[in-house]
Amino acid sequence: MKLPLLSQNPGPIGIFDSGYGGLTILNKIREKLPQYDYIYLGDNARSPYGTRSFEIVYEFTLQAVNKLFEMGCHLIILACNTASAKALRSIQINDLPNIDASRRVLGVIRPTVERIGDITASRHVGILATAGTIRSESYPMEIHKLFPDIKVSGVACPMWVPLVENNEAHSEGADYFIRKYIDQLMEKDPKIDTILLGCTHYPILLPKIQRYVPKNIRVVPQGEYVADSLKDYLKRHPEMDRKCTRNGSCLFYTTEAEEKFTESASTFLKQKVKATRISLGTV
């Protein structure tokens, strides 16, 4: 069943995350593609998604996708690893044909995975992510599609997102939990030479992560790879590029209180933003 009244006029690029972490992706995308218009939507009231079931993550993500389509977006980036792992494929296959087959929803896992083969020399890769992303096994599956020779080991880091969202990322107390999960990963596979940060919150912790990771290991945040991938996608799909407006603007929407979003968003963007509160549904 097609949704009514979706505008066919060009519109902004939609960036969706369950909370604030997607702002690290938005930041890199805007650095790479500053000319485009963007809408950032954070479902902060129902965050985190990492501990929720596949069914609920899919339901919440689809609500956000539909909202961004209603706001005029033709292209949406799920700047959330959990949503990319648990909801992206279902939305692409089952929902987009009924909503509008010309619209696109892309994730953050594939762009990162495509580059991993060029980065690792030992062919042993580690993933640090939320419990939901680790349980989904999305990274091992995607990596093995492209690079079947790479061994992938993952560890869930349930305390890292709360550290970031409670502005404790630079506190002394954060060190214990950062070291703990890194040590667990290295115990799983001492041959790891590349660690992929499979959550968009984690770049905020990068200075401390690099402190406790062995010096020979490369730590890979996602933002730059996602931005490069989006730039390449728009170049390869001029029909979509024409549907993206270019005024260099960015609007912010949250399902939480505007003041709370503004306060926390400054941690990720290093600037003040003005957000508008909207509703996507009930918890």
Exercise. What tally of residues in the range 250-270 results from selecting those that are among the polar types (S, T, N, Q) and open to solvent by 90 Å² or more (accessible area, probe 1.4 Å)?
Worked result: 0
For this session: Determine whether the range 206-215 contains at least one residue that is in contact with an Asp or Glu (Cβ under 8 Å, 6 or more places away or on another chain), touching a residue at least 24 places away in the same chain (Cβ under 8 Å), of a type in the set (S, T, Y) and surrounded by fewer than 17 Cβ atoms within 10 Å (Cβ to Cβ).
Result: yes
For this session: Evaluate the range 29-46: report whether one residue or more is modelled with pLDDT under 95, over 23 Å from Y233 (Cβ atoms) and surrounded by fewer than 22 Cβ atoms within 10 Å (Cβ to Cβ).
Result: yes
Problem set entry | Whichever residue in the range 78-120 is of a type in the set (D, E) and without any contact (Cβ under 8 Å) to a residue 40 or more places away in the chain and, among such residues, is nearest to G50 (Cα to Cα) | D95
For this session: Go through the range 195-283 and tell me which strands (runs of 3 or more DSSP E), entirely inside it, have 1 or more residues that are at pLDDT 95 or above, over 30 Å from E137 (Cα atoms) and not aliphatic (A, V, I, L, M).
Result: 250-254, 275-277
Problem set entry | Residue satisfying all of: in the range 104-150; open to solvent by 20 Å² or more (accessible area, probe 1.4 Å) and hydrophobic (A, V, I, L, M, F, W, C); nearest to L62 (Cα to Cα) among these | L106
Exercise. Out of all the residues in the range 184-197, is one or more closer than 25 Å to R135 by Cα and touching a Phe, Trp or Tyr at 6+ places or on another chain (Cβ under 9 Å)?
Worked result: yes
Problem set entry | Which numbered condition W160 misses (of (1) aromatic (F, W, Y); (2) surrounded by fewer than 20 Cβ atoms within 10 Å (Cβ to Cβ); (3) touching a residue at least 40 places away in the same chain (Cβ under 8 Å)) | (2)
Problem set entry | Residue satisfying condition, being farther than 22 Å from I209 by Cβ and buried (at least 24 other Cβ atoms within 10 Å of the Cβ), within set A87, A101 | A87
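The values are calculated or read from the model by the stated rules, or taken from the named source; none is laboratory data. All values derive from a computational prediction rather than experimental measurement. Don't worry about glycine lacking a Cβ; one is built from the backbone with ideal geometry, like all the others, and counts go over all protein chains shown. With ligands, DNA and RNA removed, areas are computed over all heavy atoms of the protein, side chains included. Shrake-Rupley method; radii C 1.70, N 1.55, O 1.52, S 1.80 Å.
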